[in-house]
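Okay, structure first, notes after.
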Amino acid sequence: MNKKWKLLMISLTLFLFAACGKVNSEPHKLDFFAMDTIMEFSAYADEDVLSAARDIVMGIEERVSTTSEQSELYRLNRDGGGTVSDETAVLLETALSLCRLTGGAFDVSIYPIVKAWGFTTGEYRVPSFDETAALLENVDYARIRLNGDEVTLPDGMEIDLGGVAKGYAGREAANYLRERGVTSALLNLGGNVQTIGSKPDGSPWRVAVRDPLNASVYAGVVEVRNQAAVTSGGYERCFTADDGETYWHIMDPATGRPARNGILSATVIADDGALCDALSTALFIMGAERAERFWRNCKESFEMVLITEDGKTLVTSGLVYAPQETAPYTVRTLTR
C-alpha cells in the first residue's frame, strides 16, 4: 500500500475513535454561584464553551443586580431612570411584555414591597397597613417607560428583574450553546431548569418537582426535551412572625402582601425559560381557578402543575399523568 494512503487511513481511524469517544464520554460539568444560588451546568460540550455560557449568566447578573452599586438596575432605581445597555433593554422589554401578558400578576415594580418585608436584607418584618398602602401607590409596571435604551421610572418606583432574570439567563445560555453545536445539555439555575435536546441515549431529561410540604421527597417528576421547567413555591423564602403566621416572598401586587390563593407551588413547562420564570410566579399569585382560565386563554404555549394547600395536584392536559407505584415514595411522572 502507498505510504501516503496508509498514513491517511491511520489518521482517519484515529479521528473516528476520537469522535466516538467524544460522543460517548461523560458530559462536562460546571458549578458556580450566581443570582444568590448555586447553579449547575452539565453539557456535552467543550469546557471553554460551557465556561462561556456561565459568563453569559454572570454578565446578566452584573447588569441587573438590585444590590450591586455597579449594576445598571441599581443606577436606574437610584436615579429614576437613565440609559441602559442593549442587553438590559432587551431583558426589561421581555419582563414588561410578561407583565402585560399576565395582567400585572407578575409585576417588576413590586420591589419596594418585597424590600419592606425584609426579603432583600433578611431583616424580616410585617409592614403596617399604612406603609403598605403608601408603597402600593408606586406599584404599576404600566408606568415604566422604555424608549430604545432609555428608561424612565416614576418618582418613588423601583424595579426588580429577579422574577425573570434566571429564566432569561438560562434561555440565553442555552441559545449560545445551541449556536456552538451543543445538542444535549441540562442547565440548572437554582431550581430553574433549562434543557437542550434530550439525553444522548434519546431519553428525556427528568426534573424533580419538590413536595412543598416535605423537602425530603418529590411531589413528582417532569420529563422534558429541549424545554424549560421552573417552579415557584412559598417554601423557597419565608419567615414566621411573632404572630405565629408564616409569610413568604411571593407578593401579590394587588395587596402588597404574600399571595394567599390556595397554591403552595406552581411549575411551568415551556420552550422559553423567561416565560416559565414569570408565569410560575404569576400563576402562584392567581390561584388555581384563575390560573386555569389563564392557561386556556393564553396565546403563549405552556403547561403547568399546581400543588394546592388541600393536597391536590392539578395538571394541564398537555402533560400525561402516569403514577409509579413501585417508587419508595409517590412519584407522579409528567411526560410531554
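The residue 289 and residue 120 beta-carbon pair, evaluated with R₀ = 35 Å, returns a calculated FRET efficiency of approximately 0.65.
Between the C-alpha center of the range 86-103 and that of the range 168-210 there is a gap of 23 Å. Radius of gyration (Cα atoms) of the range 70-132, expressed as a multiple of 2.2 N^0.38 Å: 1.32.
What the Cβ-Cβ distance of residue 145 and residue 48 gives, at R0 = 41 Å and to the nearest 0.05, is a FRET efficiency of 0.55.
Calculated mean residue ellipticity at 222 nm for the chain: -11500 deg cm²/dmol, from DSSP H runs with n ≥ 4 weighted as -39500 (n - 2.57), summed, divided by the residue count and rounded to 500. Taken along the Cα-to-beta-carbon direction at a fixed 7 Å, the label points for residue 175 and residue 225 span 2.4 nm. Compared with the alpha-carbon gap, the fully stretched path from residue 257 to residue 33 is longer by 77.7 nm at 0.36 nm per residue.
Each other residue within a Cβ distance under 10 Å of residue 108 adds +1 if Lys or Arg and -1 if Asp or Glu, for a net charge of -3. Listed by Cβ neighbour count within 10 Å, with the fewest neighbours leading, 28, 249 appear as 28, 249. Placing a pseudo-label 7 Å from each Cα along the Cα-to-Cβ vector at residue 183 and residue 208 gives an inter-label distance of 3.0 nm. Work from the charge dipole of the chain (Cβ charges, +1 for Lys and Arg, -1 for Asp and Glu, about the Cα centre) and give the residue of 219, 126, 148 farthest towards its positive end. The residue sitting farthest along the positive end of the dipole is 219. Ignoring aspartates and glutamates fewer than eight residues from residue 299 along the same chain, the ones with Cα atoms less than 14 angstrom from its Cα are 271, 272.
The distance between label points at residue 79 and residue 238 comes to 4.1 nm (points 7 Å beyond Cα on the Cα→Cβ vector). Computed from backbone phi, the HN-Hα couplings of the range 137-148 come to 4, 9, 9, 5, 4, 5, 8, 6, 10, 10, 10, x Hz, rounded to whole numbers (Karplus: 6.51 cos²θ - 1.76 cosθ + 1.60, θ = phi - 60°; Gly and Pro given as x).
Close amide-amide hydrogen proximity is noted between residue 249 and 237, each under 5 Å apart and 5 or more residues distant or on a separate chain (H modeled in the peptide plane; Pro and chain starts excluded). In the structure shown, the pairs 29/199; 29/312; 115/166; 115/312 are assessed against 26 Å; a Cα-Cα span above that value is assigned to 29/312; 115/312.
Per residue, the convex hull spanned by the Cα atoms of the range 133-268 measures out at 140 cubic angstrom.
Values in this text are rule-based calculations from the coordinates and carry no lab data. Everything numeric in this text was worked out from a predicted model, so none of it was measured. All Cβ positions, even for glycine, are placed from backbone atoms using ideal geometry, and neighbour counts span all protein chains on display.
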